[in-house]
Amino acid sequence: MFYGIAVISIITFIIFGIDKRKAVKHQRRIPESTLLSLTFLGGTVGALLGMLVFRHKISKRSFLLKFVLIVLLQALFIYFIFLNA
């Protein structure tokens, strides 16, 4: 499980970097739904690092709100799975 989360986080980090590069070059962007889906599927650490390292999506309130909601859902999932088992 750890390796799977690590792989999806690395992929998510790379995708955030690619999207930032596309934004700077005024090219067609990766949809926010893709970025958020990768985050939801376990790439939270990669997404957070991508946001900080590339300074990407940190000013967009709507994206940050969705990101925080995903993190809260994941925290609740972990709580119910591991602490109530």
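Values in this text are rule-based calculations from the coordinates and carry no lab data. This one's a predicted model, so the numbers in the text were calculated from it and none came from an experiment. Glycine also receives a Cβ, built like all others from the backbone with ideal geometry; neighbour counts cover every protein chain displayed.
Principal-axis analysis of the Cα atoms of the chain puts helix 2-24 at an angle of about 20° to the longest axis. Relative to the longest principal axis of the Cα atoms of the chain, helix 61-78 runs at roughly 20 degrees.
Grab the beta carbon distance between ALA23 and LEU65, set R0 = 25 Å, and tell me the FRET efficiency rounded to 0.05. Can you show the working numbers first?
Numbers: r = 20 Å, r/R0 = 0.78.
The computed FRET efficiency comes out at 0.80.
Look at the alpha carbon pairs under 8 Å that are at least 6 residues apart: their mean separation over the length of the chain gives a relative contact order of 32 percent. In the chain, a dipole from Cβ-located charges (positive for Lys and Arg, negative for Asp and Glu) runs towards its positive end, and of LEU48, HIS26, LEU65 it is HIS26 whose Cα lies farthest in that direction.
For segment 42-55, backbone phi angles converted through the Karplus equation (6.51, -1.76, 1.60; θ = phi - 60°) give residue-by-residue couplings of x, x, 4, 5, x, 5, 4, 5, x, 5, 7, 5, 8, 6 Hz, Gly and Pro being listed as x.
Rounded to the nearest whole Hz, the Karplus-based 3J(HN,Hα) values (6.51 cos²θ - 1.76 cosθ + 1.60, θ = phi - 60°) of segment 27-37 follow the sequence 9, 4, 8, 7, x, 4, 4, 5, 4, 6, 5, with x at glycine and proline. Between PHE77 and THR34, the C-beta separation translates, for a Förster distance of 25 Å, into a calculated FRET efficiency of about 0.75.
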